[in-house]
Amino acid sequence: MKSESEYRRDIIEVCRRIYQKAYVASNDGNVSVRTSENEILATPTGINKGDLSADQLIKVNMSGDVIAGFLKPSSELKLHLHAYKNRRDIRSVVHAHPPISTGFAVAGIALDQMAIPEVIATLGTVPLAPYATPSTDELAHTIDDYISKCNAILLSNHGVVTFGPDIFSAYYTLERVEHSAYIIWVAKSLGGEKALRRSDIDRLIEIRRKAEASSDLTHTEIGEEKEQLQTGSVSDESYLVDVIARAIVDVIKTSKIGK
Ligand SMILES: [Zn+2]
């Protein structure tokens, strides 16, 4: 278990990356870590993620009351608390507005194309939660249909929220969501993405199931995705073996970072 100063350092590092990658503008976005049963360390409202310092983070309890720190919590902290209350395996929540995946959220398009092997093997589909006004209680409840089975959710006309067993897992999931959105966006501009064959998708889902069974890294529903599968065109067996191998390495690498 990390010390509080280590948690603070990690949050500042993730905030710096989020800002450098332009996943947020101005004072947008928020990051939190559940450091104990009833304590959350979180970014405050009103400060740019690139300028934030460790002593500006605030500590709240599971009711959202500030118990340490001199700044105000973000109004979107409700979304974080809601996630922690719904899943005990979630120890960190990252919310940002990365422009491409948020573009999908604004266009009303979920990231469920089943076309990128690494994404299927590590992340699964990214659903689109219905719209609610940011900062309201309603926003937190828009994720209710997905929180039990997803580590990343698009928030309609708003942004992305990701979850993880530690802050770097949650952050890397955000990176993966944005990167896959970029790829799907390019594919759509080139005539549309080609979904993998169902048998290939099944193999990737099996890889993810085994990875999840051997760690508490992710918590994703597999059965529902099988219902959504489409047929596609990747048929080169050696290619698939290669991407599966890389996906496994990716899962192992991600699960070790930040621990
Ligand atoms: Zn937001």
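Here is how the numbers come out for the structure above:
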item	result
Cβ-placed point charges (K, R +1; D, E -1), dipole of segment 4-189 about Cα centre in debye, nearest 20	160 debye
Computed log₁₀ I(q)/I(0) - Debye formula, equal Cα scatterers, no solvent, segment 4-189, q 0.12, 0.15, 0.17 Å⁻¹	-0.50, -0.79, -1.03
Residue-wise HN-Hα coupling along segment 19-35, computed from phi with Karplus coefficients 6.51, -1.76, 1.60 (Hz; x: Gly, Pro)	6, 4, 7, 6, 7, 9, 10, 6, 9, 5, x, 7, 9, 8, 9, 8, 8
Potential extension, H141-N48 segment - 0.36 nm per residue separation minus Cα distance	30.8 nm
Fully extended contour minus Cα-Cα distance, from R88 to F70, at 0.36 nm per residue	3.7 nm
Förster radius 30 Å - calculated FRET efficiency between D55 and Y131, Cβ distance, rounded to 0.05	0.25
Total formal charge among the other residues, if their Cβ is under 12 angstrom from that of N27, Lys/Arg +1 and Asp/Glu -1	-1
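Just so you know, all these numbers are worked out from the coordinates, no wet-lab data involved. The model shown is predicted, which means the values in this text are computed figures rather than measured ones. Note: ideal-geometry Cβ built from the backbone for every residue, glycine included; neighbour counts use all protein chains shown.
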